[in-house]
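Step one of this worksheet: look at the structure below.
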Amino acid sequence: MEQSERHPKSTLIFVYNADSGVFNALTDVAHKVFSPQTYPCNLCAITHSTLGMRKEWKLFLDSLDRPLEFLHADELKIRYGMADIILPIIFEKEGEKMEMLVNAELINTCRTINDLKQLIISRLHLTKGSFEQG
């Protein structure tokens, strides 16, 4: 049996500091265009343009070679029963165990996609094996 079959890669869950829905999406686009400095979700601001996900970010996500999940604040509460969490946030989930990988404070220090990529890579290396220990 291959290593990947015995220990499947964990899922990364990206949670935006915005609610789902068409109205919210349109409001977010307008906010990004007219007042980007006050946009409340740095994860979205860095990784998406007004037209959708940035190509550089998509290529990075593909290179991670693991399951990915993208949620809005309201979807996090519905799917995982989590509320009152400071967003944006990135979780790492393996089986039923879900741990914070990158908190809002760290995400908000990022100014570029490259900053965010390096942060995620470094955090993945720091937590490597943490699921086996717990």
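Taken together, the values in this text are just the output of simple stated rules run on the coordinates, not laboratory data. Computed from a predicted model, the values in this text were never measured in an experiment. For neighbour counting, all protein chains shown are included, and Cβ atoms are generated from backbone atoms with ideal geometry for every residue, glycine included.
Residues with amide H under 5 Å of Leu101's amide H, sequence separation 5 or more or different chain, H placed in the peptide plane at 1.01 Å from N; which?
Sorted by chain and number, the residues that satisfy this are Ile90, Phe91, Glu92.
At a 10 Å Cβ-Cβ cut-off, how would you order His125, His72, fewest neighbours first? Don't skip to the end; give the middle numbers.
Numbers: His125 8, His72 21.
So the residues, fewest neighbours to most, are His125, His72.
Relative contact order for the range 85-128: what percent, with Cα pairs under 8 Å and sequence separation of 6 or more? Please list the in-between numbers first.
On the way: 35 pairs, mean separation 13.5, N = 44.
Value for the range 85-128: 31 percent.
Under the Karplus relation 6.51 cos²θ - 1.76 cosθ + 1.60, θ = phi - 60°, what is the ordered set of whole-Hz ³J(HN,Hα) values for the range 75-92, x standing for Gly and Pro?
Running phi through 6.51 cos²θ - 1.76 cosθ + 1.60 with θ = phi - 60° gives 6, 4, 5, 5, 6, 10, x, 9, 9, 6, 10, 6, 10, x, 8, 10, 9, 10 Hz.
With a cap of 14 neighbouring Cβ atoms within 10 Å, and only residues DSSP puts in a loop, list the GluC sites (Glu not before Pro) found in the range 48-126. List each step's numbers first, then the result.
Numbers: sites: Glu56, Glu69, Glu75, Glu92, Glu94, Glu96, Glu99, Glu105; in loops: Glu96.
Hits after loop and neighbour filter: Glu96.
With a 10 Å Cβ neighbour count serving as the proxy for reagent exposure, in which order, fewest first, do Tyr16, Tyr80 appear? Intermediate values should be presented prior to the final figure.
Details: Tyr16 24, Tyr80 15.
Starting with the residue having the fewest Cβ neighbours, the order is Tyr80, Tyr16.
Greater than 18 Å separation of Cα atoms is the criterion. Which listed pairs, Lys55/Lys77; Lys58/Lys117; Lys77/Lys117, meet it? Write out the running numbers ahead of the final one.
Values: Lys55/Lys77 29 Å; Lys58/Lys117 11 Å; Lys77/Lys117 26 Å.
Violating the 18 Å limit, Cα to Cα: Lys55/Lys77; Lys77/Lys117.
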